[in-house]
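What follows is a single structure, written as structure tokens, with notes after it.
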Amino acid sequence: MNTQTSLGRRLRLGMVGGGQGAFIGAVHRIAARLDDRYELVAGALSSKPDVAAASAAELFIAPDRSYDSFEDMARQEAAREDGIDVCAIVTPNHLHFPAVMAMLDAGIHVICDKPLCLTVQEAEQIEAKIAEAGLLFALTHNYTAYPMVREARQMVADGELGNIRLVQVEYAQGWMATRVEDTDNKQATWRADPAKAGMGGALGDIGTHAHNLANFVSGLEISELCADVDAIVPGRKLDDNVQILLRYANGARGMLWASQVAVGHENGLRLRIYGDKGSIEWGQEHPNQLLFRKLDARPELITRGGPGNGANGQRNIRVPSGHPEGYLEGFASLYTDFADQLTAHISGAKIDPASCLVPGVKEGLDGMKFVEAVVRSGQDGAVWVKM
């Protein structure tokens with residue numbers, strides 16, 4: 001549902017980070033424009049003023065709306081009659097908290113890349129500020145917006161798998177199998193730096209995606225975990241491989257593996273959930289297929305846009321079945337669902353519940369609790385710790 005007409009305009013978007021040489025900023029800009037719901041009008045695109053100005057010029061942002069700092073941007077945009085409605089935060093992890101808080105303090109809604117911040121304490125401050133200010137907040141765990149992931153979530157919720165017994169999730173990459181942080185690879189440099197990435201390396205970068213995906217689809221919450229946390233590449237300051245045993249509040253058991261040193265793997269995010277009536281299996285590298293196995297029955301391959309998909313699986317599908325749809329469209333679906341929420345909020349209309357599958361501050365806080373519990377377990381010798 002496109003509620004854009006109730007405002008009579010696109011939503012005005014600002015961006016912190018995402019200037020020249022940045023990867024994720026371009027992804028967010030594509031996502032914002034794919035369904036034509038946003039217009040990028042302001043930015044603090046780099047901490048280096050010359051890079052910020054050059055980046056803004058490339059994106060046709062007016063010079064007077066290119067800012068040298070996110071503090072200036074928040075203050076000046078909040079004072080404008082045509083100021084931004086929402087700001088996307090696409091910086092390295094260590095800047096998420098101050099940038100988010102600056103926008104919230106100025107009364108500006110926020111879309112933030114994951115993870116939410118660096119610590120549970122920061123996450124709790126963000127959560128309290130959002131509640132105090134009455135603002136909307138989205139966290140871009142983009143895999144939750146893949147149609148077949150939403151279809152899987154609905155199947156679990158509808159009881160098609162029965163009582164959930166086992167959850168297995170893995171996220172395997174191989175791009176940091178050598179010391180790429182010692183090269184000019186900008187993405188590797190900050191991810192390997194505890195001051196910028198936080199307490200988790202692969203854990204914070206992709207482990208949080210695996211954790212979020214498993215929780216999103218299963219509907220379960222982890223009660224305890226036991227983690228083996230390794231920095232396999234010599235001299236690396238943060239983990240590059242984590243293997244975690246999970247116990248869920250309903251009695252289910254699980255395993256999570258996240259690695260950036262799994263040679264040969266590109267983006268191997270995979271989820272398997274087993275109940276007493278059936279199981280589902282989904283892999284990010286073949287995102288338009290969901291394998292459903294019923295007890296004592298033939299396996300069923302469910303395809304994106306195919307017959308029998310539920311409302312969640314059908315939402316935001318843009319191309320006919322059989323055509324690839326994945327990473328960029330997943331981001332775009334989050335942006336579009338959030339646009340529906342924000343447009344309704346601004347215009348005083350009721351927010352459509354169908355648009356509310358977008359992860360928010362709760363998922364961000366859960367992610368930080370997960371990271372801290374894993375690190376604590378690993379530091380104490382792979383012992384069981386409570387979430």
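Every number here is computed from the coordinates shown, using simple stated rules; none is lab data. Predicted, not measured: the structure shown is a model, and the values here were computed from it. Here the Cβ is made from the backbone with ideal geometry for all residues, glycine too, and neighbour counts use every protein chain on show.
Please state the shape class of region 174-313: rounded when a/c is under 1.5, otherwise prolate if a/b exceeds b/c and oblate if not, all from the C-alpha gyration tensor. Because a/c hits 1.5 or more and a/b exceeds b/c, region 174-313 counts as prolate. Applying 1/(1 + (r/R0)^6) with r as the Cβ-Cβ distance of Arg376 and Ala195 and R0 = 25 angstrom yields a FRET efficiency of 0.80.
With both residues required to sit in the chain, DSSP beta bridges show an antiparallel share near 60%.
Treating r as the C-beta distance of His345 and Leu245 and R0 as 45 Å, the FRET efficiency rounds to 0.65. Over region 280-386, all Cα pairs binned in 10 Å intervals from 0 give whole-percent P(r) values of 12, 27, 28, 24, 9, 0, listed from short to long. Full extension of the chain segment joining Lys48 with Met255 gains 70.3 nm, where the gain is 0.36 nm per residue of separation less the Cα-Cα distance.
Which of the peptides 342-355, 252-265 is most tightly packed, and how do the rest follow, going by the mean number of other Cβ atoms within 10 Å of each residue? Please report the intermediate quantities before stating the final value.
Details: 342-355: 14.7, 252-265: 20.2.
Most protected by this proxy first, the peptides run 252-265, 342-355.
Using the average count of surrounding beta-carbon atoms within 10 Å as a protection proxy, the listed peptides 15-22, 378-385 rank, highest first, as 15-22, 378-385.
The three principal axes of the C-alpha atoms in the chain carry coordinate ranges of 64, 51, 39 Å, sorted with the longest axis first. From its DSSP helices (H runs of at least four residues, each -39,500 (n - 2.57)), the chain gives a residue-normalised ellipticity at 222 nm of -10000 deg cm²/dmol. Scanning the chain for GluC sites (Glu not before Pro) lying in DSSP loops with no more than 16 further Cβ atoms inside 10 Å, the longest uninterrupted stretch between such sites is 286-387.
Relative to the present Cα-Cα distance, how much length would full extension add between Val383 and Asp105 at 0.36 nm per residue of separation? Let's see the in-between values first.
Values: separation 278, 0.36 × 278 = 100.08 nm, distance 3.99 nm.
Fully extending the segment from Val383 to Asp105 adds 96.1 nm.
Grab the Cα-Cα distance for Asp182 and His323, subtract it from 0.36 nm times how many residues apart they are, and report the gain in nm with one decimal. Walk me through the intermediate numbers first.
Values: separation 141, 0.36 × 141 = 50.76 nm, distance 3.90 nm.
Length gained between Asp182 and His323: 46.9 nm.
If you place +1 on the Cβ of every Lys and Arg, -1 on the Cβ of every Asp and Glu, and leave all else neutral, what size is the dipole of the chain about its Cα centre, to the nearest 20 Debye?
With Lys and Arg at +1 and Asp and Glu at -1, about 740 debye.
With 21 Å as the limit, the listed pairs Lys129/Lys186; Lys362/Lys386; Lys48/Lys196; Lys186/Lys362; Lys129/Lys196 have Lys129/Lys186; Lys186/Lys362; Lys129/Lys196 beyond it between alpha carbons.
Looking at region 256-347, the trypsin sites (Lys or Arg not before Pro) that sit in a DSSP loop and have at most 16 other Cβ atoms within 10 Å of their own Cβ are Lys277, Arg318. Convex hull volume of the Cα atoms of region 119-188, normalised per residue: 212 Å³. At q = 0.22 Å⁻¹, work out log10 I(q)/I(0) for region 69-202 with the Debye formula, treating every Cα as an identical point scatterer and leaving solvent out; two decimals please. At q = 0.22 Å⁻¹ the computed log10 ratios are -1.23.
Residues of region 322-348 with amide nitrogen under 15 Å from the 7 Å Cα-to-Cβ point of Phe23? Hits in region 322-348 for Phe23 at 15 Å: 327-328.
Structural descriptor for the chain: relative contact order 20 percent, calculated from alpha carbon pairs under 8 angstrom and at least 6 residues apart. Between Glu266 and Asn163, what's the calculated FRET efficiency when r is the beta-carbon distance and R0 is 45 Å? Round to 0.05. It comes to 0.85. Region 237-296 and region 331-387 have Cα centres lying 19 Å from one another.
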